[in-house]
Amino acid sequence: GTVLTIPTAQKSDTGNYTVKLIHDSGTVESAPGHLEIIDRAKSATSLSMSPAFSCTIPDKAGGAVSCTETVGTNKYGETTVGSVMGATSVAVGVRHSCAINALSKVACWGDNSAGQLTPPTDLTGVVALGLGSTYSCALLNTGTVRCWGSTPKIPGMNQVVALDSSTAGTCAKTLAGDRLCWGP
């Protein structure tokens, strides 16, 4: 078929998968794609924090994001979430935040001085976020990373399995164990 369905996915299903097309004229196999099964049943919340504020998706809140200012005055709207519902993950930057919803789309709020709140319209399959001071980056289910806003030059990379950011920059970890960093 055209869709792989794993009805009761387990951590043991984590691994690299390929697509093999068989036709009368020959066989073609795709490059491997990495699938990682995450057990969300044990941790239904997402929490991200900076020195000035934090955002969370409280357990049993239906994916409603809540942000709290720890220092400051919400000058950039970094804790004014708006109508973000169905969120599965949240990340904070220096003065902005973004969340991933159940459809793997991104919504952002806060400081937009460098376009860091406006993800590309064709951005799909987002599995993780890393937010810098004036940019936002998304790890896609293809193992690639896309960034928007005031992005520094990003190193060429593929088969990325993890992404993290701080005020000092952003780093990606590849399937091979390499770490590639850029920023601030």
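Residues of the stretch 135-176 that are under 17 Å from Ala91 (Cα atoms), hydroxyl-bearing (Ser, Thr, Tyr) and part of a strand (DSSP E or B): Tyr135, Ser136, Ser165, Ser166, Thr170. Scanning the stretch 125-143 for residues that are open to solvent by 10 Å² or more (accessible area, probe 1.4 Å), under 11 Å from the mean Cα position of the chain (by Cα) and among the polar types (S, T, N, Q) turns up just one, Asn141.
When the stretch 143-160 is filtered for residues that are farther than 22 Å from Cys108 by Cα and touching a residue at least 60 places away in the same chain (Cβ under 8 Å), only Gln159 remains. The residue pairs whose first member lies in the stretch 116-132 and is under 13 Å from Leu103 (Cα atoms), whose second member is open to solvent by 20 Å² or more (accessible area, probe 1.4 Å) and of a type in the set (Gly, Ala, Ser), and whose beta carbons are closer than 6 Å, counting only pairs six or more residues apart or on different chains, are Gly125/Ser104; Val126/Ser104.
Asp122 meets each of the listed conditions (1) under 19 Å from Cys55 (Cα atoms); (2) open to solvent by 70 Å² or more (accessible area, probe 1.4 Å) apart from (1). The residues in the stretch 154-173 that are among the polar types (S, T, N, Q) and under 12 Å from Thr142 (Cα atoms) can be counted, and the count is 2. Condition test on Ser165, is it surrounded by 15 or more Cβ atoms within 10 Å (Cβ to Cβ) and in contact with a Pro (Cβ under 9 Å, 6 or more places away or on another chain)? For Ser165, the condition - surrounded by 15 or more Cβ atoms within 10 Å (Cβ to Cβ) and in contact with a Pro (Cβ under 9 Å, 6 or more places away or on another chain) - is not met.
The values are calculated or read from the model by the stated rules, or taken from the named source; none is laboratory data. These figures come from a predicted structure and were not determined experimentally. As a convention, Cβ positions derive from the backbone with ideal geometry for all residues, glycine included, and neighbour counts pool all protein chains shown. The accessibility values were calculated without ligands, DNA or RNA, using every heavy atom of the protein model including side chains. Shrake-Rupley method; radii C 1.70, N 1.55, O 1.52, S 1.80 Å.
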